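The values are calculated or read from the model by the stated rules, or taken from the named source; none is laboratory data. Fair warning: this is a prediction, and the values are worked out from it, not measured in the lab. Quick reminder, even Gly has a Cβ in these numbers, built from the backbone with ideal geometry, and neighbours come from all protein chains shown. In case anyone asks, the SASA skips ligands and DNA or RNA and just uses the protein heavy atoms, side chains included. Shrake-Rupley method; radii C 1.70, N 1.55, O 1.52, S 1.80 Å.
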Amino acid sequence: MASTQRLLLQALLIGMGDAVRRNDASAVDRYHRRLGMIAPHFDTNPAVSDAQERLLSAADRWLATKVAERYEAEHQVLNNIERVMKLL
């Protein structure tokens, strides 16, 4: 995988984590869409691809959860971000 794509993925992961911590749904949605656009670049690495799919799924659940009930969903997103970062 190209180093520029890896750097972009890392930047998007950091941004999504910050947006989740701030409880900024519109920013999380933007990062979610951008992560979905670069996901195909990592299809050659099944571990990263699977971790990205889990992250996107967790982010979907976070976005669908009411603001007052996002505690568990937040931890799932952050844990999945950490998992993807470790695989890079």
Using a basic spin-label model with each label point 7 Å from the Cα along Cα→Cβ, how many nm lie between residue 68 and residue 14?
3.6
Helix 46-64 against the longest principal axis of the chain: what's the angle in degrees, Cα atoms only, rounded to the nearest 10?
20
Degrees, to the nearest 10: 71-87 long Cα axis against longest axis of the chain:
10
For q values of 0.15, 0.23 Å⁻¹, compute log₁₀ I(q)/I(0) with the Debye formula on a Cα-only model of the chain, without solvent.
-0.48, -1.09
Per residue solvent-accessible surface (Å²) - the chain, probe of 1.4 Å
58
Under Karplus coefficients 6.51, -1.76 and 1.60, residue-wise ³J(HN,Hα) of the stretch 4-20 in Hz, glycine/proline x:
5, 5, 5, 5, 4, 4, 4, 4, 5, 5, 4, x, 5, x, 4, 5, 5
Between residue 5 and residue 39, with labels modelled 7 Å along Cα→Cβ, what's the label distance in nm to one decimal, could you check?
1.5
